[in-house]
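Worksheet: the structure to be examined is printed underneath.
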Ligand code: PLP
């Protein structure tokens, strides 16, 4: 394993905590990751020594805060290799990024009879925003099915395209199955039909290198809090020519060029989509998180988490009665499972009492649960700060609980 996990764990004070007198084992990283000291310190330091509203101020602090905010946009651009900072829109998170796009794309380009393709493994954040707009504008959603391993059926995907297809919105990595979707292939198929693609990168950006130009993706959404950054900040990447062509989302300060009661003109990119005071403290903290990730190295992170997930898969499959959901060839660091007849909620609660934090339930993917014919799973999701010892603790705890039932 290529990274110094012991040193890394020292950067995360929360990992030293005990819960119910047991050492914390934090396996809920797909929901949110813990924060390294440098990210938390950056938040405190900016409030203590820089804080001022950005963009509109002539004074020193405002200019310094603006520099930090815009430096974060540049760090984010570089991190996903966008062409220009005009393509980086700061939002509150993946959910807001997708709602933004759904709203402005539908308003300007979707009408009765049009079609948007999503997949059955989407998080509700990449279903409901489209449904809300579909009710308003009368377009329909078409759904890419999966096989029993949890992989998208590409032949079925190809068949969904018609002259009415206007957009594909699909997740990069499933937050339930861990499937890493072949997004390059999905995008080139869509582009062959001249259809743009939104990729939900909430579960990919924290775990693997992402290059939006290499993917040739049109829109890409992710959240800072799932990548060791603060809550309340996210990103919508969009190709400049797309963002230029779309109307503004919310109205307010920052997104305007000139306002009169007769006519308002809008600011240029990226500000056109950023109404109101942005979370400039949060964006600076996101830049610190990016710097932290780059210091470890995204390739090293991907390699370590891949090995850890393979180890965990082996250990869990060794447990009698354990059923794993999602066994795709290309898989991220998420394991969803059930054990015998134990209800997922009971299993999660008992694991918690042993200090092990996992998530239980439908994981905001009820259509996927319906496809799998289940109500929910227990989900363990890993980070580079997790260890094989912690995986052993999980396996031992599950065995203990299974014996109790
Ligand atoms: N998309 C996926 C695949 C997710 O896993 C999540 C969160 O779990 C989201 C979207 C929503 O992210 P957020 O709540 O940060 O907006």
**Study point:** Matching residues, the stretch 183-208, being in contact (Cβ under 8 Å) with a residue 24 or more places away in the chain and more than 16 Å from the ligand (Cβ to nearest atom)
**Key:** 184, 185, 187, 188, 189, 190, 191, 193, 195, 196
Exercise for review: Scan the stretch 39-60 residue by residue and report those that are more than 30 Å from residue 267 (Cβ to Cβ) and surrounded by 16 or more Cβ atoms within 10 Å (Cβ to Cβ).
Suggested key: 40
Exercise for review: Test residue 340 against the criterion of being more than 15 Å from the ligand (Cβ to nearest atom) and touching a helix residue (DSSP H, G or I) at 6+ places or on another chain (Cβ under 9 Å), and give yes or no.
Suggested key: yes
Point to revise | In the stretch 184-211, the residues that are in a helix (DSSP H, G or I), touching a helix residue (DSSP H, G or I) at 6+ places or on another chain (Cβ under 8 Å) and within 13 Å of residue 117 (Cβ to Cβ) | key: 186, 187, 189
Study note, to complete from the structure: Among (1) under 17 Å from the mean Cα position of the chain (by Cα); (2) modelled with pLDDT under 95, residue 55 falls short only on (1)
Point to revise | Residues within the stretch 302-359 that are over 22 Å from the mean Cα position of the chain (by Cα) and in a loop (DSSP other than H, G, I, E, B), tallied | key: 9
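Residues are listed down the side, and each one gets a yes or a no for (1) more than 23 Å from residue 205 (Cα to Cα); (2) within 16 Å of the ligand (Cβ to nearest atom); (3) surrounded by fewer than 17 Cβ atoms within 10 Å (Cβ to Cβ):
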| position | (1), (2), (3) |
| --- | --- |
| 230 | no, yes, no |
| 248 | yes, no, no |
| 260 | yes, no, yes |
| 270 | no, no, no |
| 283 | no, yes, no |
| 301 | no, no, no |
| 304 | no, no, no |
| 312 | no, no, no |
Exercise for review: Kindly establish whether residue 131 is surrounded by fewer than 21 Cβ atoms within 10 Å (Cβ to Cβ) and within 16 Å of the ligand (Cβ to nearest atom).
Suggested key: yes
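The values are calculated or read from the model by the stated rules, or taken from the named source; none is laboratory data. It should be emphasised that the depicted structure is a prediction, and the values quoted were computed from it without experimental measurement. With ideal geometry, Cβ positions are generated from the backbone for all residues, glycine too; neighbour counts draw on all protein chains shown.
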